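This report refers to the structure that appears directly beneath it.
The values are calculated or read from the model by the stated rules, or taken from the named source; none is laboratory data. What you see is a predicted model; the values in this text were computed from it and never measured. Neighbour counts are summed over all protein chains in view; Cβ atoms, including those assigned to glycine, are modelled from backbone coordinates with ideal geometry. What goes into the accessible areas is simple: the full protein's heavy atoms, side chains included, and nothing from ligands, DNA or RNA. Shrake-Rupley method; radii C 1.70, N 1.55, O 1.52, S 1.80 Å.
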Amino acid sequence: MNAELRFPEELLLNEPDRRARLIREFYEQYNENKTGYGGWGCQHEEIKTAFYRRCLEANGHDERSNGLDVGCQGGVLIKFVRVIHWIGVDIDQRALQTAREAGILCREMDFTSSIGFRDDSFDAVMMTEVLEHLPYPSITVREGHRRRKKKPGSTYVGSVPLDYHLHRRWKVMRGKRLSGEQTHVHHFSFRELDRLLSFYFEKVKYLPLSGTAARHPKLKLPYNLFVRDIAWAATSPRQNVGRWELVGKDLI
């Protein structure tokens with residue numbers, strides 16, 4: 001082969017875990033400015049806890065059921081939701097140390113593209129304030145669907161901020177960023193979130209956490225414009241799913 005056409009293989013890095021290490025270092029550095037991994041009350045934890053518990057109990061789950069908390073941080077939601085037997089995964093080693101000190105079974109895992117458990121392993125999966133931090137949330141939701149047992153009571157709970165409510169749209173019109181959170185790499189509208197969850201689950205319940213629709217539920221305002229943060233509980237995983245595709249009209 002002509003030497004001029006040879007690819008310089010000797011310049012390639014031989015560091016298999018480099019991607020996971022860089023992501024872990026980023027989140028650890030970001031969390032240095034926070035109050036800690038075991039905090040409570042800053043992201044509607046009390047409301048979400050009650051909502052998740054009701055959903056799990058309504059679907060027949062108890063201490064014999066097992067669940068996976070993806071992005072468990074210090075294990076705050078695991079400690080308060082309880083109901084079933086939880087294990088957690090996270091990429092942040094400091095967060096995992098806090099969880100272990102609280103007696104939570106957990107391990108390090110880079111779940112930004114895949115979740116390394118066997119199919120049909122869990123009765124429930126929890127992703128609280130996780131999807132907005134991931135570059136390809138549709139892959140992560142599909143991975144979570146693959147890990148849940150395919151029975152009607154199998155449950156998927158979680159929460160995300162919504163970034164296309166009226167206040168944020170007005171910010172963009174004034175030249176501001178859609179979100180000031182530097183770790184948010186995906187910005188959900190309610191329509192996109194609902195279409196994604198409904199693609200994998202036959203039943204999805206929502207709980208507005210903040211915004212005008214949350215403060216005034218009797219007005220029945222549209223979630224796409226009047227909710228800032230939302231929680232969900234999805235059940236009855238669809239048995240056979242194809243390829244989920246997002247088209248432009250679903251973004252906002």
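Checking each residue in segment 93-132 for being part of a helix (DSSP H, G or I) and touching a residue at least 40 places away in the same chain (Cβ under 8 Å) picks out Gln93, Arg94, Ala95, Thr98, Ala99, Leu131, Glu132. Scanning segment 65-93 for residues being open to solvent by 40 Å² or more (accessible area, probe 1.4 Å), in contact with a helix residue (DSSP H, G or I) (Cβ under 6 Å, 6 or more places away or on another chain) and within 23 Å of Leu22 (Cβ to Cβ) gives a total of 1. Considering segment 120-142, and only residues there that are touching a strand residue (DSSP E or B) at 6+ places or on another chain (Cβ under 9 Å) and charged (D, E, K, R), the residue that is most open to solvent (accessible area, probe 1.4 Å) turns out to be Asp120. Going by the structure shown, is Arg118 of a type in the set (Lys, Arg), over 19 Å from Glu25 (Cα atoms) and in contact with a Phe, Trp or Tyr (Cβ under 8 Å, 6 or more places away or on another chain)? So Arg118 fails the test.
Given the structure, is Ser65 farther than 22 Å from Phe199 by Cα and of a type outside the set (D, E, K, R)? Yes: the conditions hold for Ser65. Hey, any hits in segment 95-108 for a residue that's at pLDDT below 95, open to solvent by 30 Å² or more (accessible area, probe 1.4 Å), among the aliphatic types (A, V, I, L, M) and over 24 Å from Leu22 (Cα atoms)? So far as segment 95-108 goes, yes, one or more of its residues are at pLDDT below 95, open to solvent by 30 Å² or more (accessible area, probe 1.4 Å), among the aliphatic types (A, V, I, L, M) and over 24 Å from Leu22 (Cα atoms). Where helices (runs of 4 or more DSSP H) fall wholly inside segment 133-252, the ranges with 2 or more residues that are under 16 Å from the mean Cα position of the chain (by Cα) and closer than 25 Å to Asp69 by Cα are 137-147, 190-200. For segment 146-167, filtered to residues that are touching a Lys or Arg at 6+ places or on another chain (Cβ under 8 Å) and open to solvent by 10 Å² or more (accessible area, probe 1.4 Å), the residue that is nearest to Val81 (Cα to Cα) is Pro161.
Here Gly74 clears all of (1) closer than 29 Å to Arg228 by Cα; (2) in contact (Cβ under 8 Å) with a residue 60 or more places away in the chain except the condition numbered (2). Within segment 204-221, residues that are closer than 23 Å to Val141 by Cβ have Cβ atoms under 6 Å from residues that are of a type in the set (S, T, N, Q) in these pairs: Val204/Ser198, counting only partners at least 6 apart in sequence or on another chain. Residues that are modelled with pLDDT of 95 or more, in contact with a helix residue (DSSP H, G or I) (Cβ under 6 Å, 6 or more places away or on another chain) and either basic (Lys, Arg) or closer than 21 Å to Pro152 by Cβ (or both) within segment 197-228 comprise Val204, Leu207, listed in sequence order.
The residues in segment 168-184 that are farther than 25 Å from Tyr136 by Cβ and either of a type in the set (Lys, Arg) or surrounded by 12 or more Cβ atoms within 10 Å (Cβ to Cβ) (or both) can be counted, and the count is 3. Scanning segment 47-64 for residues that are under 19 Å from the mean Cα position of the chain (by Cα) and surrounded by fewer than 21 Cβ atoms within 10 Å (Cβ to Cβ) yields Ile47, Thr49, Ala50, Arg53.
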